[in-house]
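The values are calculated or read from the model by the stated rules, or taken from the named source; none is laboratory data. Predicted model only: the values in this text are computed from it and were never measured. Quick reminder, even Gly has a Cβ in these numbers, built from the backbone with ideal geometry, and neighbours come from all protein chains shown.
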Amino acid sequence: MTRFTRLQVAQKMAEQGMVPLFYHGDVELGKKVLAACYRGGARLLEFTNRGDFAHEAFGELNKFCAKELPEMMMGVGSVTDAGTAGLYLQLGAAFVVTPVLREDIAIVCNRRKVLWSPGCGSLTEICRAEELGCEIVKLFPGSTCGPDFVKNIKGPQPWTSIMPTGGVSPGEKNLKGWFDAGVACVGMGSQMISADILKNGTFEVLENRIRDTLALIKSLRK
């Protein structure tokens, strides 16, 4: 069972403005990534469900967070069916992110009052997601839709909270485009937690990158 409420997670997403994405099957490496993100100020992380036995790694990492990083809200991404969502909820996932809009996943998450963020690429999908109780919609792929899409959605639906994933980088020009368009937060994977950091173990680089990006987002919002 998750240690955080759906509203706590939604508020933290909006407050932090960024959700780092990460997957690796090595639990010890994952602990170092989580710790570096935490030291940099991140209190959210999406562990993507990609490799074999990914749920086992997630379970160990979430236990680590509960013990060593108590404010870290660890969720799961790349979930494509209700069964997988239920599995991760049993492991304490604080939120569930999907690449597509799946109503069966909405039912499972709503039943446990866990935040879910479905991947949507049209206004119709976004509207349906909100009808199903979605707080923050994942815009996917963000690189295809772009900031102008967000602006056009926020016109008729200023209440809609959007998190683009894919096509988001920590550079000022890229982030300014998204936040000027009105996104609630952004999701960043390899642009934030890069392969060279994982390969070389330069976790201080990740810590500084997280810290600098959070500060940049804060300044852009002003």
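Of (1) under 30 Å from Gly92 (Cβ atoms); (2) outside any strand (DSSP E or B), Gly119 satisfies all except one. Which?
Only one criterion is unmet by Gly119, namely (2).
I need the full set of residues from the stretch 139-186 which are over 23 Å from Ala42 (Cβ atoms), part of a helix (DSSP H, G or I) and of a type in the set (Ser, Thr, Tyr), in order please.
Thr144
Is it the case that Arg209 is in contact with a Leu (Cβ under 8 Å, 6 or more places away or on another chain) and of a type in the set (Lys, Arg)?
no
Within the stretch 187-206, does at least one residue satisfy the condition of being surrounded by 15 or more Cβ atoms within 10 Å (Cβ to Cβ), assigned to a loop (DSSP other than H, G, I, E, B) and at positive phi?
No, the stretch 187-206 has no match at all.
Go through the stretch 126-155 and give me each residue that's surrounded by fewer than 23 Cβ atoms within 10 Å (Cβ to Cβ) and in contact (Cβ under 8 Å) with a residue 40 or more places away in the chain.
Residue satisfying the conditions is Glu135 alone.
Can you tell me which residue within the stretch 105-125, out of those that are out of contact with any Phe, Trp or Tyr (no Cβ under 7 Å at 6 or more places or on another chain) and more than 14 Å from Val137 (Cα to Cα), is surrounded by the most Cβ atoms within 10 Å (Cβ to Cβ)?
Val108
For every residue, the table says whether it meets (1) farther than 30 Å from Gln90 by Cα; (2) among the small types (Gly, Ala, Ser); (3) at pLDDT below 95.
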position	(1), (2), (3)
Arg112	no, no, no
Leu132	no, no, no
Phe149	yes, no, no
Ser161	no, yes, no
Leu175	yes, no, no
Val183	yes, no, no
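Looking at the structure I just gave you, is Arg102 among the basic types (Lys, Arg), over 20 Å from Asn208 (Cα atoms) and crowded, with 17+ Cβ neighbours inside 10 Å?
Taking the combined requirement at face value, the residue satisfies it.
Out of everything in the stretch 1-26 that is of a type outside the set (S, T, N, Q) and in a helix (DSSP H, G or I), what residue ends up being surrounded by the most Cβ atoms within 10 Å (Cβ to Cβ)?
Here the answer is Met13.
Every residue in the stretch 135-187 that is acidic (Asp, Glu) and in contact with an Asp or Glu (Cβ under 7 Å, 6 or more places away or on another chain), please.
Within the stretch 135-187, none qualify.
Can you tell me which residues in the stretch 27-79 are of a type in the set (Phe, Trp, Tyr) and exposed (fewer than 15 other Cβ atoms within 10 Å of the Cβ)?
The one that is of a type in the set (Phe, Trp, Tyr) and exposed (fewer than 15 other Cβ atoms within 10 Å of the Cβ): Phe53.
Could you please find all residues in the stretch 99-116 being in a loop (DSSP other than H, G, I, E, B) and touching a residue at least 60 places away in the same chain (Cβ under 8 Å)?
Those that are in a loop (DSSP other than H, G, I, E, B) and touching a residue at least 60 places away in the same chain (Cβ under 8 Å): Arg112, Lys113, Val114.
Give me the residue from the stretch 17-63 that is touching a residue at least 60 places away in the same chain (Cβ under 8 Å) and β-branched (Val, Ile, Thr) and, out of that set, farthest from Thr98 (Cα to Cα).
Once the filter is applied, the top-ranked residue is Val33.
Is it true that some residue in the stretch 85-94 is crowded, with 19+ Cβ neighbours inside 10 Å, closer than 19 Å to Met188 by Cα and touching a Phe, Trp or Tyr at 6+ places or on another chain (Cβ under 6 Å)?
Yes, the stretch 85-94 has at least one match.
Here is a list of conditions, (1) in contact with a helix residue (DSSP H, G or I) (Cβ under 6 Å, 6 or more places away or on another chain); (2) of a type outside the set (D, E, K, R); (3) under 25 Å from Ile107 (Cβ atoms), and Thr5 meets all of them except one; can you say which number that is?
Exception for Thr5: condition (1).
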